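To start, the structure under review is shown below, and the notes come after it.
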């Protein structure tokens with residue numbers, strides 16, 4: 001009688017993987033083990049020598065966002081699920097109009113996956129200098145070019161934003177979560193008697209559709 005040969009599948013996995021779900025490179029440092037790594041946009045880094053039963057400080061740096069470097073940190077604990085990290089910079093932020101907040105999402109299955117992401121990438125293709133803010137917040141974000149603007153809400157229940165162009169009034173509040181739909185945002189400049197009509201489209205990011213929405217701002221009319 002022939003004996004059957006056991007068939008085993010052995011998988012070797014890293015205990016921790018840090019995923020960069022931003023359109024910019026990041027640098028991750030773990031001071032407790034003197035570890036640092038640069039992770040390009042859309043890439044990940046596997047870490048094999050970290051005791052996940054203990055709390056560790058994780059430092060995240062974005063070397064080049066809006067032309068300046070940013071740094072922030074969070075504590076990776078065994079029960080951490082989600083965290084908003086307020087990034088800081090020592091460079092000029094033009095009166096506070098340059099802001100950066102990142103989201104940290106931790107998913108635990110076979111590997112502890114740490115996702116560094118921003119819930120919204122806002123791309124300004126209007127050719128106009130735009131400003132955007134959450135409807136119940138005074139924090140203003142500048143969208144001056146087609147470089148993706150990273151946006152997140154900070155502990156706010158009403159998830160709506162307002163927009164303005166040049167010196168116009170703020171628009172009515174609108175949502176950034178209308179996936180697959182287009183909308184029209186109107187910014188009124190009563191002093192100059194102008195109306196800026198801006199087309200809004202929202203789609204899911206291909207790299208992380210469950211984490212990020214891409215918001216594109218376009219001219220309502222285009223003459224070619």
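Read the figures in this text as sums done on the coordinates, not as results from a lab. Keep in mind the model is a prediction, meaning the values are calculated, not measured. Virtual Cβ from ideal backbone geometry, glycine too; neighbours counted across all protein chains shown.
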State the percent of C-alpha pairs, over all pairs in the chain, separated by a distance greater than 24 angstrom.
50 percent
Would you mind ranking 70, 170, 121 by Cβ crowding within 10 Å, fewest neighbours first?
170, 121, 70
If R0 is 25 Å, what FRET efficiency do you get for residue 75 and residue 40 from their C-beta distance, rounded to 0.05?
0.50
The stretch 120-219 pair-distance distribution - Cα-Cα, 10 Å bins, rounded %
16, 51, 29, 4, 0
How big is D for the stretch 92-155, in µm² s⁻¹ as a whole number, if Stokes-Einstein is applied with the Kirkwood radius of its Cα pairs at 10 °C and 1.306 mPa s?
118 µm²/s
With the crude spin-label approximation of a point 7 Å out along Cα→Cβ, what separation in nm comes out for residue 182 versus residue 59?
4.7 nm
Stokes-Einstein translational diffusion, the stretch 1-96 - Kirkwood Rh over all Cα pairs, 1.306 mPa s, 10 °C, in µm²/s:
100 µm²/s
Descending semi-axes in whole angstrom, ellipsoid equivalent of the stretch 1-53, from the Cα gyration tensor:
36, 16, 7
Take 114, 59 and order them by how many other Cβ atoms sit within 10 Å, fewest up front.
59, 114
Please figure out what share of the DSSP beta bridges in the chain is antiparallel and state it in percent, rounded to the nearest 5.
85 percent
Using Cβ contacts closer than 10 Å as the measure, can you line up 104, 68 from fewest to most?
68, 104
